[in-house]
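Below is one structure, written out as structure tokens; comments come after it.
Each value in this text was obtained by applying a stated rule to the coordinates, not by laboratory testing. Everything numeric here is computed off the predicted structure, so don't read it as measured data. Ideal geometry is used to build each Cβ from the backbone, glycine not excepted, and the neighbour counts take in all protein chains shown.
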2 protein chains.
Amino acid sequence: MTSQQDSDRTDAGPARHYDLLVLGTGSGNTIVDDRFDDWSVGIVERTEFGGTCLNRGCIPSKMFVVTADHACDAAQGPRFGVHTRYDGVDWPAVRDRVFDRIDPQARGGREYREGLVNVEVHAGTARFTGERRLVVETEHGEVQVSADQVVIAVGGRPVVPDIEGLEEAAAAGLVHTSDTIMRIDALPHRLGVIGGGYVGSEFANIFASLGTEVVQVDGQDLLLSTQDADVARRFTEISGERWDLRLGAELERVELTDGGLRLHLGEQGTAEVDLLLLAVGRRPNSDLLDLEGTGIEVDDAGRVVVDEQQRTTAEGVWALGDISTHHPLKHVANHEARIVQHNLLHPEDLQTVDHRFVPQAVFSVPQVAAVGLTEEQAREQGLDLAVFTQHYADVAHGWALEEDDSGHLVKVLADRATGRLVGAHLLGPQASVLVQPLIQAMSFDQPVRGLARGQYWIHPALSEVVENALIGLEAALDA
Amino acid sequence: MTSQQDSDRTDAGPARHYDLLVLGTGSGNTIVDDRFDDWSVGIVERTEFGGTCLNRGCIPSKMFVVTADHACDAAQGPRFGVHTRYDGVDWPAVRDRVFDRIDPQARGGREYREGLVNVEVHAGTARFTGERRLVVETEHGEVQVSADQVVIAVGGRPVVPDIEGLEEAAAAGLVHTSDTIMRIDALPHRLGVIGGGYVGSEFANIFASLGTEVVQVDGQDLLLSTQDADVARRFTEISGERWDLRLGAELERVELTDGGLRLHLGEQGTAEVDLLLLAVGRRPNSDLLDLEGTGIEVDDAGRVVVDEQQRTTAEGVWALGDISTHHPLKHVANHEARIVQHNLLHPEDLQTVDHRFVPQAVFSVPQVAAVGLTEEQAREQGLDLAVFTQHYADVAHGWALEEDDSGHLVKVLADRATGRLVGAHLLGPQASVLVQPLIQAMSFDQPVRGLARGQYWIHPALSEVVENALIGLEAALDA
């Protein structure tokens, strides 16, 4: 492929035509490797290189989670007979340690791209003006860009709800989303968290572990309400023992007070906090793209519609990641990016995405990990289910962890018709790692029968909780 | 099967004949389930029910490891910006917490067996007097026992070397093995650990984490010298930063001093300690059984020789676990016990043990886990190897764990001829759990190609270190 770059200037600013134009530098940025060296490539990024995951999502938040784990673990020492203590956190030191690692990565990503002869980077927000034609608003003015192939990978952003008093509170600098909460200057004394999903729950844990008084609010009666009900129920109980939960409650009004905020929560009363974190969901950035008239369809939730090859409804336009997926998770976006990459390079041999067994985790205390169907979903589908729940307390490593009353569990579901796992739901330490053999079994169509006994599980490693779950499930299948 | 019990008294004490006689109540005790309800069963145990693992091995030691982890983690907090501290341990509280859980399990195991109508328990040491005939020395005198089927599952014990001054030191109560060290009355100020294998290394970590000054001695130049050399090397370096290592050294003499011991270590000088832990290896208890003339062969290392069905060289006599295995590990003993159990119940359909992919772990800081061949073993076998090493530092969760200089790694080996994993060697946090997908792949003959990409790995879970190891290995296979 030859470069079709030109640089004629028009009234609307300079124009560029590329073989490939990538909008967004999260997973989209992984597409352009050395196999694209003879493609002319334009990249548009409106903020930092690296996308949500690197700059405002998974990676920095897990750095805070692990930090908070140290506080949480130290507070647990006396239960084990060990004189450990947690005496507070040097928040600015933690924040700077995290972002002194993150920010250079983002800068390095940009510099690397800018150094490639076949790549042009446009810092700005792109919107469509026609078929594979866009304008990028940069700080130096507008740039017209067009391309033979366009990849939309501009991700999503936190939803900011329309609530009375919120704008005033935000103007006072007291309202955050996951985009900004990790960069604040001091640990708040009291934090309101609006939202009981994974983002709200992870941050509630981080701040509670570090000593903040947390009030978490959600309209549902359970936190993590899309998880299997057994997991959501126990997770909610544990969280409720650790901080102030206001469930079945709406944030009706935010009131500025002397040095803080009063949250009006209807029947759940009021709560006084110093800062507010909004974690009520995320939405795709499709509304920033001016997609009307481009032939690129968007669904009711604002997701760009793609087929199994990640093609949008417009010729030569692809999409991946949070802008289009039903699984807004980094490991899914990376997979989709590899599919798009392959399909760009091999238009005669298109690959299809695999969204069959997408796992996800919540990095709180305890961790949650899941793959496949919840019990409720499986029953709705009318599957003839075998179900088994293994508690951490009943394996040797669970004894070591003093798990007696934890309620931590591995719940596994199999379809009696096929003898295969259809879901796995873990709540407890190391859940995000323990789940992997179950993902592997599902992905490679391994039968439940023989799965536990056909391999060794190190005694007394925590993995025995998964082994015993599978043994119990096999017995349930045979019952 | 009918009971052939009788109770005629002879000069040599009462005599009993059983359908099945089980010697030892570690994994051996798992054989007798309700499928044996119409068998008359004798069980002989010379100490507590539950064997080494429950009473003196894996389980209590891991309870101490997890306890020590709290101390170790709290000491690391400041590196993360968290003000955590470790100010000592209430050793008697820890010890009593551990054994107040362990000891009732052992007692409960005995009481359960003693309550079964078809089972007789003999508390004492058994030795053979003929073909499937033994005498048990109990505190009430000798009991003659015989059986149609005999299962030898009497395990092993720590080796106590013959060293000048050791007996005197032992008489002063200053010498321990893994059998006794966990039940001492106070945390020693200074501990000498003789042995650089997994037992010595786990206890060195426990005591060092809790604040004891540890001196660890081994004749080899590396700790864990049977592990893959890359793992052993890095493990040795890390241990050497945490306590006093004297490698390439023999304990030549032990000298009682005022209130302690002086260890004479040849070229490695001397060391002053308060207590000494001997961890120089374990030996099978076959020497206690008077096997001469029974037709039950024993190898040079004292292991009872068994075939792939766990049959000894004598008709009707089986063996399992540490008395016979080349893999003295609880998960192997349990597997062998299931094979013996099946083969006792189904003599017409004997099953074979599977010792192909036996994993093992060392629960120190860091953890070590391994399965399959070391690189050295694979090269000795002449395999055409692909090798890849992934460092924890280079995955997102490794950033969160501040792994930069840890040297923690996942090393994977594949045979180019088959495209299959032949070994995996992990050093770092959660290694004993992270290794499981690799065990699974090896056990179920899953090819390396496609293994990483054919399943999702949660981002940013620590399991990505295994994913990336497999991606690197696949590239190495294709290189």
*If one takes the longest principal axis of the Cα atoms in chain A, at what angle in degrees, from 0 to 90 and to the nearest 10, does the Cα axis of helix A:198-210 lie?*
60
*Would you mind checking the tilt of helix A:464-478 against the longest principal axis of the Cα atoms of chain A, expressed as 0 to 90 degrees and rounded to 10?*
80
*Size of the dipole of the protein assembly as shown about the Cα centre, Lys and Arg at +1 and Asp and Glu at -1 on the beta carbon, nothing else charged, in debye to 20?*
20
*What average number of partner chain Cβ atoms lie no more than 10 Å from the Cβ of the residues making up B:332-340?*
1
_Per q in 0.06, 0.07, 0.09, 0.10 Å⁻¹, report the Debye log10 I(q)/I(0) for the protein assembly as shown, using one uniform scatterer on each alpha carbon and no solvent._
-0.50, -0.67, -1.04, -1.23
*Can you list the GluC sites (Glu not before Pro) in the range A:110-143 that are in a DSSP coil and have 15 or fewer other beta carbons within 10 angstrom?*
A:E131, A:E139
*Set the Förster radius R0 to 45 Å, insert the Cβ-Cβ distance between A:T138 and A:E272 as r into 1/(1 + (r/R0)^6), and round the FRET efficiency to 0.05.*
0.55
_Testing the spin-label approximation: label points 7 Å from Cα along Cα→Cβ at B:R107 and B:R449. State their distance in nm._
6.1
*To the nearest 20 debye, what is the magnitude of the charge dipole of the range A:166-280 about its Cα centre, counting +1 on the Cβ of each Lys and Arg and -1 on the Cβ of each Asp and Glu?*
200
*Counting other Cβ atoms within 10 Å of each Cβ, which GluC sites (Glu not before Pro) in the range B:336-401 have at most 13 and sit in a DSSP loop?*
B:E348
*asked:* Can you tell me the orientation of helix A:229-242 relative to chain A, as the angle in degrees between its alpha-carbon axis and the longest Cα principal axis, to the nearest 10?
replied: 80
*With labels modelled as points extended 7 Å from the Cα through the Cβ direction, what inter-label distance (nm, one decimal) is found for A:L350 paired with B:E255?*
8.3
_CD proxy at 222 nm, helix term only [per DSSP H run n ≥ 4: -39500 (n - 2.57); per residue of the protein assembly as shown; nearest 500]_ = -8500 deg cm²/dmol
*If you take the beta carbon distance between B:E164 and B:D300 as r and set R0 to 30 Å, what does 1/(1 + (r/R0)^6) give as a FRET efficiency, to the nearest 0.05?*
0.70
*Coil-residue trypsin sites (Lys or Arg not before Pro) of the range B:334-403, DSSP, other Cβ within 10 Å capped at 14*: B:R356
_Taking the alpha-carbon distance from B:K62 and a cut-off under 22 Å, which lysines remain once sequence neighbours fewer than 8 residues away in the same chain are dropped?_
B:K330
*Just name one of B:P460, B:V32, B:G423: the one whose Cα is farthest towards the positive end of the charge dipole of chain B (beta-carbon charges, Lys/Arg +1, Asp/Glu -1).*
B:P460
*At a Förster distance of 25 Å, what's the computed FRET efficiency of A:E131 paired with A:E308, Cβ-Cβ distance as r, to 0.05?*
0.60
_Under 5 Å between amide hydrogens, which residues at least 5 positions from B:V362 or on another chain qualify, with H placed 1.01 Å from N in the peptide plane?_
B:V368, B:A369
